[in-house]
Amino acid sequence: MKALVTGGGGFLGGRIVAMLHQRGDDVTALGRRSYPHLTERGIATIQADLRDAEAMAAACEGIDVVFHVAAVTHLWGRRGPMWATNVDGTRHVIAGCRRHGVRRLVFTSTPSVVFGDEPLCGIDESQPYPTRYLAHYPASKAEAERLVLRANDDDLHTVALRPHLIWGPGDPHLIPRIVERARRGKLVQIGKGDTRVDMTYIDNAANAHLLACDALEPGAACAGRPYFISQGEPVLLWPWLNELLARLDVLTVRRTMSPTSARLFGTVCEWVYTLLRRDGEPPMTRFLAGQLSQSRYFDISAARRDLGYEPTVSTAEGLDRLVADVRCHAERGA
């Protein structure tokens, strides 16, 4: 099987590339940068931008399946650039698939496509898209997801996966940012500490993509459908983070803020960053306040039924691996 992975040099995309390569598939990683660590292992790479329609079409030539993982994932940012990559870029991927007869498209979506401004506990894929989003990121991913699912037909079989809070060894974003903020005493617990969330260990998230690809045959139950992906065992967010911090010898979170205060602070930050046209992400946004204070976990029985998905790495084992990896990198850097 010849596979193309957009974002193949990133955290999730890189793990998908590695798994495909390990099982003997002919895989090509596409990204905006060069990836010497992949070419050294004999993995083909293409340097291209999702916003370039012709480059994306050319990349799809001779490909059997596209894993569309790449996206702008910032929780804050201007609509134009985010839409250009996440929505228009997805259009270009779909068009490239159609031009060159690609049969399967596995899209990396996110549960935030159904996030409004309320907790979501044990929901399944029947949960509708909200009428209003608190950030451009979930809005753009929701539109991209719609494009992918509507593209499903007899010629191109599509599926969308919604892994939540991907973490594990090699994570360049989520865990390092949390640990760094905790080290500087800037991490504040939002709410009473009873926020329950689903997470997804990196190997489980990547494996779900391979399972979806293999299941995506003509007439498959998964064709044209989205699926929540997680560990299948929600955790209490703040106690889990404190356990991680304690095992890394970092001060645990002691300061607290009410959800109402966090939302108000986020609103003020958004106004300031918008009016002053400041770059970077605000210290708090309304979307982030909701992420940190509202329980959000999902029923993954559909993924189990239609994809054969089952988390192979438990949350406890994943935490052990993460702690060992962080300690190893700290020792090398010492």
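The values are calculated or read from the model by the stated rules, or taken from the named source; none is laboratory data. Predicted model only: the values in this text are computed from it and were never measured. A quick note on method: Cβ atoms are made from the backbone with ideal geometry, for glycine too, and the neighbour counts reach across all protein chains shown.
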Checklist line | In the stretch 116-131, the residues that are in contact with a helix residue (DSSP H, G or I) (Cβ under 9 Å, 6 or more places away or on another chain), part of a loop (DSSP other than H, G, I, E, B) and at pLDDT 95 or above | finding: D124, E125, Q127, P128, Y129, P130
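Here are S293, S230, S314, S258: which of them is touching a residue at least 60 places away in the same chain (Cβ under 8 Å), surrounded by fewer than 20 Cβ atoms within 10 Å (Cβ to Cβ) and under 18 Å from H164 (Cβ atoms)?
Details: S293 fails: surrounded by fewer than 20 Cβ atoms within 10 Å (Cβ to Cβ); S230 fails: surrounded by fewer than 20 Cβ atoms within 10 Å (Cβ to Cβ); S258 fails: under 18 Å from H164 (Cβ atoms).
Of S293, S230, S314, S258, the one residue that is touching a residue at least 60 places away in the same chain (Cβ under 8 Å), surrounded by fewer than 20 Cβ atoms within 10 Å (Cβ to Cβ) and under 18 Å from H164 (Cβ atoms) is S314.
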Next item on the list: Provide a single number: the residues in the stretch 123-160 that are out of contact with any Ser or Thr (no Cβ under 9 Å at 6 or more places or on another chain) and under 22 Å from H209 (Cα atoms).
Entry: 12
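Which members of the stretch 72-110 meet the condition of being part of a helix (DSSP H, G or I) and closer than 26 Å to Y273 by Cα? Break it down stepwise before answering.
Quick first cut of the stretch 72-110, residues part of a helix (DSSP H, G or I) only: 79-99.
If the condition is that a residue be part of a helix (DSSP H, G or I) and closer than 26 Å to Y273 by Cα, then R79, G80, P81, M82, W83, A84, T85, N86, V87, D88 are the ones that fit.
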Margin query: With the requirement that a residue be without any contact (Cβ under 8 Å) to a residue 40 or more places away in the chain and in contact with a strand residue (DSSP E or B) (Cβ under 8 Å, 6 or more places away or on another chain), what does the stretch 2-31 give you?
Written below: G9, V17, H21, D25, D26, V27, T28, A29, G31
Notebook entry, point to check: Which members of the stretch 278-325 meet the condition of being in a strand (DSSP E or B) and among the basic types (K, R)?
Noted result: R296
Checklist line | Any chance L161 is under 24 Å from F11 (Cβ atoms) and modelled with pLDDT of 95 or more | finding: yes
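Give the residue that is nearest to I202 (Cα to Cα), with candidates limited to residues of the stretch 230-286 that are among the small types (G, A, S) and more than 20 Å from the chain's Cα centre (by Cα). Even if it seems obvious, please write down each step before you answer.
Here is the first cut: in the stretch 230-286, the ones among the small types (G, A, S) are 230, 232, 246, 258, 261-262, 266, 280.
Still in the running and more than 20 Å from the chain's Cα centre (by Cα): 246, 258, 261-262, 266.
Details: A246: 22, S258: 31, S261: 33, A262: 29, G266: 29 Å.
Selected residue: A246.
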Notebook entry, point to check: What is the residue count in the stretch 273-282 for residues that are surrounded by 11 or more Cβ atoms within 10 Å (Cβ to Cβ) and either at positive phi or without any contact (Cβ under 8 Å) to a residue 60 or more places away in the chain (or both)?
Noted result: 2
Item checked: Unique residue being of a type in the set (A, V, I, L, M), farther than 12 Å from D117 by Cα and in contact with a Leu (Cβ under 7 Å, 6 or more places away or on another chain) when the list is V253, V272, V268 -> V253
Next item on the list: Would you confirm whether any residue within the stretch 96-115 is under 17 Å from Q291 (Cα atoms), in contact with a strand residue (DSSP E or B) (Cβ under 8 Å, 6 or more places away or on another chain) and surrounded by fewer than 18 Cβ atoms within 10 Å (Cβ to Cβ)?
Entry: no
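Looking only at residues that are touching a His at 6+ places or on another chain (Cβ under 9 Å) and of a type outside the set (K, R) in the stretch 296-311, which one is surrounded by the fewest Cβ atoms within 10 Å (Cβ to Cβ)? Outline the logic, then answer.
Initially, the stretch 296-311 is screened for residues touching a His at 6+ places or on another chain (Cβ under 9 Å), giving 296-298.
If we keep only those that are of a type outside the set (K, R) as well, we get 297-298.
Numbers: Y297: 23, F298: 26.
Residue satisfying both the conditions and the ranking: Y297.
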Note to self: Report every pair of residues separated by at least 6 positions or lying on different chains whose Cβ atoms are under 9 Å apart, first residue within the stretch 68-90 and at positive phi, second of a type in the set (D, E).
What the structure shows: G77/E281
Notebook entry, point to check: Got a sec? Which of G170, G193 is modelled with pLDDT under 95 and either part of a strand (DSSP E or B) or under 22 Å from F298 (Cβ atoms) (or both)?
Noted result: G193
